[in-house]
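Below is one structure, written out as structure tokens; comments come after it.
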Amino acid sequence: LVTKDGCLVFPVYSFRGDNGAAGNTQRLSFLYSRDGDTWQRSGEFDHDWASESAVVELASGKLRFFFRNGTRRLCYVDYCRESQSWGTAVVTDNPTNSNCQLSAIVHSRNREGRQVILVSCPTGPEEAGSNESRGECRVNGKIYTGLVEEDGSLSWREPTRVTRDEKQFLYSCLTELPDGSVALLYENRATAWGTGPDCYYTMEFQIFSARQLGL
């Protein structure tokens with residue numbers, strides 16, 4: 001992400017290799033730079049499980065990170081750059097396969113005078129959420145549309161379906177095109193977990209008009 005004031009923000013996370021009784025030890029943070037040569041790292045978000053994340057910038061200047069977790073729901077946390085501090089995790093009512101990478105962007109068009117955030121992710125079997133990393137549980141992809149309220153909370157509109165009928169939807173990437181439509185690239189088939197010659201992935205590319213997304 002490049003912020004409005006030109007800061008480069010690169011989400012990362014640490015993993016201490018212990019998912020035992022103490023809980024999941026994945027912690028998100030980010031690298032940042034103002035010149036592209038000198039980099040610093042933020043403090044870690046002290047949460048039970050917060051790893052792969054997608055970051056957007058709110059109109060207020062805060063950074064909002066949507067992150068991989070274990071709740072079966074879409075979660076995010078804000079970072080205040082002025083105080084260099086993390087807020088409290090917000091667990092939304094939106095079902096996701098929370099044990100999967102997701103994508104998030106701010107759209108250039110406001111709706112009803114409010115900033116618009118789009119998030120793509122699988123919603124799990126029967127669209128009920130999941131915490132399993134297997135391909136058969138990373139299914140039923142959607143694009144969630146959230147409007148940022150004055151207090152920073154999100155009001156969610158009807159999501160846009162990408163896949164249905166238990167079809168796979170794994171890692172994804174959103175981007176806005178010059179005409180306001182949104183392009184989505186996602187993995188739509190995996191035969192095994194992880195990487196290597198025994199795993200087979202295919203990619204799908206789709207474009208959604210602003211109207212389809214309710215913008």
Of all residues in region 156-176 being closer than 19 Å to residue 137 by Cβ and under 15 Å from the mean Cα position of the chain (by Cα), which is most open to solvent (accessible area, probe 1.4 Å)? 171
Failed condition for residue 152, given (1) within 19 Å of the chain's Cα centre (by Cα); (2) farther than 25 Å from residue 88 by Cα; (3) not acidic (Asp, Glu), with all others met? (2)
Is it true that some residue in region 49-58 is surrounded by 12 or more Cβ atoms within 10 Å (Cβ to Cβ) and more than 27 Å from residue 170 (Cβ to Cβ)? yes
Tally up the residues in region 138-155 that are surrounded by 16 or more Cβ atoms within 10 Å (Cβ to Cβ) and small (Gly, Ala, Ser), please. 2
Of (1) more than 17 Å from residue 66 (Cα to Cα); (2) in a loop (DSSP other than H, G, I, E, B), residue 206 satisfies all except one. Which? (2)
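Let's see how each residue does on (1) touching a residue at least 40 places away in the same chain (Cβ under 8 Å); (2) surrounded by 19 or more Cβ atoms within 10 Å (Cβ to Cβ); (3) touching a strand residue (DSSP E or B) at 6+ places or on another chain (Cβ under 6 Å):
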residue: 73; (1), (2), (3): yes, no, yes
residue: 80; (1), (2), (3): no, no, no
residue: 83; (1), (2), (3): no, no, no
residue: 88; (1), (2), (3): no, no, no
residue: 91; (1), (2), (3): no, no, yes
residue: 95; (1), (2), (3): no, yes, no
residue: 98; (1), (2), (3): no, yes, no
residue: 110; (1), (2), (3): no, no, no
residue: 113; (1), (2), (3): no, no, no
Could you list, in sequence order, the residues of region 158-196 that are under 19 Å from residue 75 (Cβ atoms) and without any contact (Cβ under 8 Å) to a residue 60 or more places away in the chain? 169
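The values are calculated or read from the model by the stated rules, or taken from the named source; none is laboratory data. Just so we're clear, the structure is a prediction, and the values are computed from it rather than from any experiment. Reconstructed Cβ throughout: ideal geometry from the backbone, glycine too, with neighbour counts over all protein chains shown. Protein only, heavy atoms only, side chains kept; ligands, DNA and RNA dropped before computing areas. Shrake-Rupley method; radii C 1.70, N 1.55, O 1.52, S 1.80 Å.
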